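Below: one structure, written as structure tokens.
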Amino acid sequence: MIKNKPSLKEAQKRSASLINNIEDALYIPEAIVNFGNNKKYMVITYGCQANERDTENICGIIELLGYQKSEDENECDLILFNTCAIRENAEQKVFGKIGSLKKLKQTKPELIIGLCGCMAQEESTINKILSSYQHLDLVFGTHNINKLPSLILEALQAKEMVVDVLSIEGEVIENLPSIRANKNKAWVNIMYGCDKFCTYCIVPYTRGRQRSRLFDNILNEVNELVKDGYQEITLLGQNVNAYGKDLSTPSSFALLLEAVAQSGIPRLRFMTSHPWDFSDEMIAIIARYDNIMPFIHLPVQAGDNDILKIMNRLYKIEDYKLLFDKLKTCKKDDLGISMSTDIIVGFPNETEEQFQKTLALVDYCQFDNAFTFVYSPRNGTPAAAFDDNVSLDVKKERLARLNNKVNDCFLKQNQRFLNKNVKVLIDGYSKKNKDYMSGYSEHNKLVNLKAAESLIGKIVSVKITGVKSFSLEGELVE
Ligand code: 5AD
Ligand code: SF4
């Protein structure tokens, strides 16, 4: 039953109307109340923090119906894939995993398998699913998570796959239930969607128009988290600097950041910032508040001005460097701010000389961390229609050269912490070695140390005794 299919053409529309703020959007049909009692579910999440946060809402809704979370897909009655469309390899992983569930579905026909998130918003994904993944029961998008109870009911009743994906600018939906994945660190959405339309990026189409949550609704959520003892909040948006510009009473990220910093939350982070809208007011607030962590993710994407222009990134590399330098030294912190970035190599027709400028930028910035990608054409984006004279082999070889360089930077940057005392919020046992605990420092460095289990969720002082490219080792300071 195809209720709504996505349309990239509809998804790229932007109007000037005010965004609807909906406080009460969850509806649970009588027939599905308690339906999940004695049933198990699992949500498999791919992609960015926006998806992680959506999964917390999806879990909140599913558990309201009575389902209980499980780690074992064989015992599940409901399995959802919350997916990412940013690059092709993210999508291939999802298709592989969905394919592997075909057998389970054959032996357990009452199992509901669903797909949601950014892939669901793509016409090409829906066509592929309809032709090759008929064992799926339900597909819904990023705009109608609040309809999940009705959609599960329809999937149970229908004899065929239910597809309900809206290609709309979107609304701001408040008050969805939520099961937070972490008791000490919380994601807080401050805005949804993106209007930047970088030419390579699918997000403005899958997530809709930029729309900010109301200032007071964000602060209420933050205050609840502080009351509940949370140690860290990360404010989330595709481009947090643009916060508030679309509200009927325009606001700004600087105002919001200051208000959240004053809430008493011990640690405050935010992501992602676009170099374009980063105001001096924001820098002043970051400098002023000790609980705003000395770590900023500032995607540069490329080091060459012509490539940046074709990417529609709106800034020149000289502007990026100026902003980078201002941020790096804006706090009274001997260790400087930690700076991370995203870089794409192999954008259509990128020359060796242009790629060299990306390497030169890395030499200049000496990033603390960098997420590096080979450009992946996304159906419906402007860049996907560009001719491209760079082979995949050349792109991969550029990525390898870039990775060598950024890895050297990470090690060099981490060395500045050797023999220094840093504050670490302990997350739990290290994933790699259960004899160790791990957590993140204020500068967002992963720190491994020996510590008692009772310190999970606490911020402790740690002396750094060892340094690697991707982590630090330390000892508790009594
Ligand atoms: N190909 C490769 N990388 C991409 N990103 C976004 N779109 C693409 C694409 N089509 C990267 C950008 C962005 C990060 C989240 O993913 O670097 O900042
Ligand atoms: Fe994509 Fe650019 Fe928006 Fe980031 S700012 S989500 S890269 S369009």
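The values are calculated or read from the model by the stated rules, or taken from the named source; none is laboratory data. For clarity, every value in this text was computed on a predicted model and none was experimentally measured. We place every Cβ from the backbone using ideal geometry, glycine too, and count neighbours over all the protein chains shown. Keep in mind that these areas ignore ligands, DNA and RNA; they rest on the heavy atoms of the full protein, side chains included. Shrake-Rupley method; radii C 1.70, N 1.55, O 1.52, S 1.80 Å.
Binning all Cα-Cα separations of the range 371-434 at 5 Å, short to long from zero, yields these whole-percent fractions: 3, 12, 12, 13, 16, 11, 10, 9, 9, 5, 0.
Which loop-located trypsin sites (Lys or Arg not before Pro) does the range 97-162 contain, where loop means any DSSP state but H, G, I, E or B and the Cβ has at most 15 other Cβ atoms within 10 Å?
Numbers: sites: K97, K102, K103, K105, K128, K147, K159; in loops: K159.
Sites meeting the loop and neighbour criteria: K159.
Using R₀ = 22 Å, calculate the FRET efficiency as 1/(1 + (r/R₀)^6) where r is the Cβ-Cβ separation of D363 and V394; round to 0.05. Don't skip to the end; give the middle numbers.
Details: r = 21 Å, r/R0 = 0.96.
So the FRET efficiency works out to roughly 0.55.
Of Y46, Y320, the order by accessible heavy-atom surface (1.4 Å probe, DNA, RNA and ligands excluded), from most exposed downward, is Y46, Y320.
Estimated from the Cβ-Cβ distance and a Förster radius of 51 angstrom, the FRET efficiency linking S461 and F197 is about 0.70. For the residue pairs K93/K185; K93/K431; K128/K432; K5/K395, alpha carbon separations beyond 26 Å are given by K93/K185; K128/K432; K5/K395. Between K103 and K159, the C-beta separation translates, for a Förster distance of 22 Å, into a calculated FRET efficiency of about 0.55. Full extension of the chain between K69 and D325 gives 87.6 nm of extra length, using 0.36 nm per residue less the Cα-Cα distance. Would you mind counting up the charge near S430? Only other residues with Cβ under 12 Å from its Cβ, with Lys and Arg at +1 and Asp and Glu at -1. Residues close to S430 contribute a combined charge of +1. Based on the alpha-carbon gyration tensor of the range 2-164 and its eigenvalue square roots a ≥ b ≥ c, which shape applies: rounded if a/c is under 1.5, prolate if not and a/b is larger than b/c, or oblate? Verdict is oblate for the range 2-164.
Prolate is the label for the range 294-416, because the ratio a/c of its alpha-carbon gyration tensor axes (a ≥ b ≥ c) is 1.5 or higher and a/b is greater than b/c.
Counting other Cβ atoms within 10 Å, keep those with at most 13, restrict to DSSP loop, and tell me which trypsin sites (Lys or Arg not before Pro) in the range 323-388 are left. Sites meeting the loop and neighbour criteria: K332. Could you tell me whether the range 182-290 comes out rounded, prolate or oblate from its Cα gyration tensor? Rule is a ≥ b ≥ c as square roots of the eigenvalues, rounded for a/c under 1.5, then prolate if a/b exceeds b/c, otherwise oblate. Here the range 182-290 falls in the prolate category. The 3J(HN,Hα) values that the Karplus relation (6.51, -1.76, 1.60; θ = phi - 60°) gives for the range 248-260 are, in residue order, 5, 9, x, 10, 9, 5, 4, 4, 5, 4, 5, 5, 5 Hz. Gly and Pro appear as x. Stokes-Einstein diffusion coefficient for the chain at 4 °C in a medium of 1.567 mPa s, Rh from the Kirkwood formula over Cα pairs: what value in µm²/s? Here the translational diffusion coefficient equals 54 µm²/s. If you take the Cα centroid of the range 1-36 and the Cα centroid of the range 267-289, the two points sit 32 Å apart. With the simple model of a label 7 Å out from the Cα in the direction of the Cβ, S15 to R401 spans 4.9 nm.
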